[in-house]
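What follows is one structure encoded as structure tokens, with my remarks underneath.
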Amino acid sequence: MGNKSFRQSMAWLHTWAGLVPGWLLFIIFLFGTVAFFQQEISCWMRPELKERAVSDTALRGASRLLMAKAPDADRWIVTLPSDRGGDPLTVTWKSGTGEAAMSGKAILDPASGREIAVRDTRGGWFLYRFHFELRYIPYWLAEILVCAAALAMFVAIVSGIVTHKKIFADFFMMRFGKGARSWLDVHNVTAVLALPFHLMITYTGLVTLLFTLMPWAISVQFPSRESYFQTAYPPGPERASKGEMIPPLLLDEVVERAKVLQGGVAPGRIIVEHPGDVASVIQLWPSPTRIGGTSDALYLDGSTGKAMQRPPTSGLATASRGVMIDLHAGRFSGPVLRWLYFLSGAGGTIMVASGLILWTVKRRSKLPDPARPHFGFRLVERLNISVIAGSCMGIAAYFLANRLLPLNMAHRSDWEINGLFLVWGTAFIWIVARPAKRAWVEALAACGVLYTLVPVANALSTTRGLIPSLIAQDWVFVGFDLTMLATAAACAFAAWKIATHRLQAAPERKACKLAETAT
Amino acid sequence: MTHVATFLLSLGGFVLLLLVIPRHQQDWLGRKLFPRQRRVLRLAGLAMLALAFIVAGGGLGWAYGAIVWFGWLTMAAALVVTANANRARIMRRVRP
């Protein structure tokens with residue numbers, strides 16, 4: 001290492017900081033990108049919910065249900081779907097503590113407010129959570145792994161910028177059919193064109209992991225994590241119940257008041273403490289709708305509906321952290337910006353995948369015996385195929401399981417997720433057993449088939465297939481099915497390209513050269 | 001509408017910036033441009049990208065618009081790269 005140039009040592013750093021956590025980074029990028037559409041995915045995965053936004057009728061229905069079922073509860077919790085839908089209107093009630101604790105829950109239709117049977121699924125929420133808490137491993141371990149991967153990503157981005165010799169001269173460069181050179185072009189183009197996005201998403205991703213990465217700022221100043229949160233996010237007004245009962249405010253009035261007081265922002269969650277008591281307090285937590293928007297709750301007096309004194313809002317540092325997390329999650333974005341987020345994220349996913357593939361492509365030609373590569377090479381090659389193609393197969397399987405599993409199955413939502421990993425695991429075993437090129441072709445072809453089957457299963461098992469959805473102008477369902485078909489087409493195209501690679505690449509390249517010299 | 005304008009301005013800007021690079025001048029125009037022409041192209045391209053920012057910020061608010069601007073910049077540049085990579089095919093269609 002000693003006498004290498006700065007750029008060479010950065011190239012070394014880029015190679016290994018990218019490769020070692022590369023497969024985890026691919027998973028984080030892929031699932032994170034998909035999660036930009038988590039509400040829309042939830043809409044599709046809960047086809048029982050026809051309407052998205054919550055109506056006043058439904059809120060009144062929720063109030064009536066709570067008053068009938070749990071008039072004496074200590075607390076009512078109402079979770080409202082956002083305008084993007086995907087979630088039902090959920091009411092929960094709780095009373096007592098410890099042994100005597102009682103609770104109940106009802107799922108309501110956001111339009112009618114009647115109780116509705118919705119299939120047991122975690123929807124897009126699981127894909128979102130998986131991109132940082134993983135699955136089947138303890139949360140602390142997932143957190144450490146994801147933190148390490150995110151740090152490595154940041155190192156890889158910065159060292160990659162240093163390593164890239166001609167960012168501006170090669171800005172628009174993309175050459176097909178030239179082996180390692182083409183893979184490098186793909187890697188460079190996806191990295192450079194969406195560089196602002198990659199920097200932003202990685203940095204703000206680190207910010208979301210702040211308390212794990214930088215615990216010392218808290219541990220030096222506060223005796224415990226809890227006391228920090230108490231100081232940073234002081235609790236709102238609390239009142240003991242007086243035992244004097246009055247009819248509680250109806251939820252639709254409460255939401256209306258909150259909208260007026262919060263400048264139009266609808267609450268995402270309403271908590272009523274001591275419902276029906278004169279000392280009742282209503283907390284209204286906003287759902288994030290605008291960048292840097294407030295995440296502080298609004299407190300209403302439960303008997304008069306008047307706004308109560310809020311706890312002091314947290315400082316500028318907390319506010320900047322809030323903006324960065326908003327930027328990362330993109331929940332404030334409208335449909336167009338959401339697609340831009342998604343496409344930039346897809347670029348990042350391709351960047352990570354092409355980097356991983358480039359590692360093998362560059363080394364294949366230098367192998368002493370290409371027919372019998374060494375263990376490290378084979379490991380990277382197999383992990384590439386099984387993580388890149390396998391995770392895509394898994395997501396398709398997750399959507400298929402949502403449509404195919406029996407509706408009254410026990411632990412249904414868990415089995416949807418197990419389905420994802422069973423298919424992925426099976427793909428892994430298959431891929432390890434096959435020659436590399438065949439494995440790529442077969443895995444990508446299988447991806448193509450699975451993604452084609454998703455809209456088919458949707459059309460057969462619900463009344464909301466592609467054609468009825470087109471007629472009903474239900475753009476979420478249309479968009480979902482078309483995205484599945486586009487993904488299937490992309491996988492099939494990639495499989496076809498790899499399958500025909502050796503046979504056609506050479507003459508085509510010659511023809512291209514000839515054409516270039518002719519013009 | 002703001003989105004379309006932001007995208008088209010970014011696209012125009014990147015097309016001009018593509019033509020600043022001598023290798024691509026040879027490919028697309030069949031000749032190399034003079035340094036002064038290159039400078040004009042570069043300034044015009046950057047001006048269009050800046051204008052796209054103003055359109056996005058003015059139309060959608062500066063915080064939201066700035067994010068949208070970055071998104072459309074990426075898409076516009078990606079489209080220019082795709083066109084550039086398929087130059088032979090495009091040229092054949094335009095001038096068979």
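The values are calculated or read from the model by the stated rules, or taken from the named source; none is laboratory data. Treat the numbers as computed from the prediction; the structure is a model and nothing was measured. Heads up, the Cβs are rebuilt from the backbone with ideal geometry, glycines too, and the neighbour counts pull from every protein chain shown.
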Residues of the range A:318-368 that turn out to be over 24 Å from B:A76 (Cβ atoms), among the charged types (D, E, K, R) and assigned to a helix (DSSP H, G or I), as a count: 5
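Here is a yes/no grid of residues against (1) within 14 Å of another protein chain (Cβ to nearest Cβ); (2) touching a residue at least 60 places away in the same chain (Cβ under 8 Å):
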{"site": "A:S287", "(1), (2)": "no, yes"}
{"site": "A:G322", "(1), (2)": "yes, no"}
{"site": "A:L327", "(1), (2)": "yes, yes"}
{"site": "A:F332", "(1), (2)": "yes, no"}
{"site": "A:Y341", "(1), (2)": "yes, yes"}
The listed residue being in contact with an Asp or Glu (Cβ under 8 Å, 6 or more places away or on another chain), within 30 Å of A:F229 (Cα to Cα) and among the charged types (D, E, K, R), out of A:R122, A:R175, A:R135: A:R122
In the range B:21-34, the residues that are surrounded by 19 or more Cβ atoms within 10 Å (Cβ to Cβ) and more than 9 Å from chain A (Cβ to nearest Cβ): none
From the options A:S295, A:S280, A:S314, residue that is of a type in the set (S, T, Y) and either within 14 Å of chain B (Cβ to nearest Cβ) or closer than 21 Å to A:T92 by Cα (or both): A:S280
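Do we find a residue being within 20 Å of A:G347 (Cα to Cα) and either touching a Lys or Arg at 6+ places or on another chain (Cβ under 7 Å) or free of Cβ contacts under 8 Å to residues at least 60 places away in the same chain (or both) anywhere in the range B:86-93?
Here is the first cut: in the range B:86-93, the ones within 20 Å of A:G347 (Cα to Cα) are B:86.
From the residues that got through so far, the ones that are either touching a Lys or Arg at 6+ places or on another chain (Cβ under 7 Å) or free of Cβ contacts under 8 Å to residues at least 60 places away in the same chain (or both) too are B:86.
The answer is yes, given that some residue of the range B:86-93 is within 20 Å of A:G347 (Cα to Cα) and either touching a Lys or Arg at 6+ places or on another chain (Cβ under 7 Å) or free of Cβ contacts under 8 Å to residues at least 60 places away in the same chain (or both).
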Any hit, the range A:366-383, residues being surrounded by 17 or more Cβ atoms within 10 Å (Cβ to Cβ), touching a Phe, Trp or Tyr at 6+ places or on another chain (Cβ under 7 Å), away from chain B (no Cβ under 14 Å) and touching a residue at least 24 places away in the same chain (Cβ under 8 Å): yes
A:S182, sole failed condition from (1) within 14 Å of chain B (Cβ to nearest Cβ); (2) surrounded by 16 or more Cβ atoms within 10 Å (Cβ to Cβ); (3) touching a helix residue (DSSP H, G or I) at 6+ places or on another chain (Cβ under 7 Å); (4) free of Cβ contacts under 8 Å to residues at least 12 places away in the same chain: (3)
Matching residues in the range A:446-473 - criterion: being surrounded by fewer than 17 Cβ atoms within 10 Å (Cβ to Cβ) and assigned to a loop (DSSP other than H, G, I, E, B): A:T462, A:T463, A:A472, A:Q473
Index of the failed condition, A:F130 passing every other in (1) assigned to a helix (DSSP H, G or I); (2) closer than 23 Å to A:W16 by Cα; (3) more than 14 Å from chain B (Cβ to nearest Cβ): (2)
Sole exception among (1) under 30 Å from A:G268 (Cβ atoms); (2) within 14 Å of another protein chain (Cβ to nearest Cβ) for A:H187, by number: (1)
Long-range neighbours under 6 Å by Cβ, at least six apart or interchain, first residue closer than 15 Å to A:L184 by Cα within the range A:5-18, second part of a helix (DSSP H, G or I): A:A11/A:T163; A:H14/A:A156; A:H14/A:S159; A:H14/A:G160; A:H14/A:T163; A:G18/A:A156; A:G18/A:G355
Options B:R92, B:R38, B:R42: the member that is among the charged types (D, E, K, R), surrounded by fewer than 19 Cβ atoms within 10 Å (Cβ to Cβ), in a helix (DSSP H, G or I) and facing chain A (nearest Cβ under 9 Å): B:R92
The one condition in (1) within 14 Å of chain B (Cβ to nearest Cβ); (2) of a type in the set (G, A, S); (3) surrounded by 16 or more Cβ atoms within 10 Å (Cβ to Cβ) that A:G205 fails to fulfil: (1)
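Regarding A:V162, is this residue hydrophobic (A, V, I, L, M, F, W, C), within 30 Å of A:S354 (Cα to Cα), more than 14 Å from chain B (Cβ to nearest Cβ) and assigned to a helix (DSSP H, G or I)? First the steps, then the outcome.
On the way: hydrophobic (A, V, I, L, M, F, W, C): yes; within 30 Å of A:S354 (Cα to Cα): yes; more than 14 Å from chain B (Cβ to nearest Cβ): yes; assigned to a helix (DSSP H, G or I): yes.
It is true that A:V162 is hydrophobic (A, V, I, L, M, F, W, C), within 30 Å of A:S354 (Cα to Cα), more than 14 Å from chain B (Cβ to nearest Cβ) and assigned to a helix (DSSP H, G or I).
A quick yes/no check of all residues on (1) among the charged types (D, E, K, R); (2) closer than 29 Å to A:E238 by Cα; (3) part of a helix (DSSP H, G or I):
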site	(1), (2), (3)
A:E48	yes, no, no
A:R52	yes, no, no
A:L65	no, yes, yes
A:A73	no, yes, no
A:R84	yes, no, no
A:K94	yes, yes, no
A:G104	no, yes, no
A:D120	yes, no, no
Criterion (at pLDDT 95 or above, within 11 Å of another protein chain (Cβ to nearest Cβ) and assigned to a helix (DSSP H, G or I)) met by exactly one of B:A47, B:A52, B:A66, B:A5: B:A66
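Suppose the filter is at pLDDT below 90 and of a type outside the set (D, E); does A:A258 pass it? Steps first, please.
Working: at pLDDT below 90: no; of a type outside the set (D, E): yes.
No.
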Leading residue by the ranking (farthest from A:G345 (Cα to Cα)) among those in the range A:28-45 that are in contact with a Ser or Thr (Cβ under 7 Å, 6 or more places away or on another chain) and crowded, with 23+ Cβ neighbours inside 10 Å: A:M45
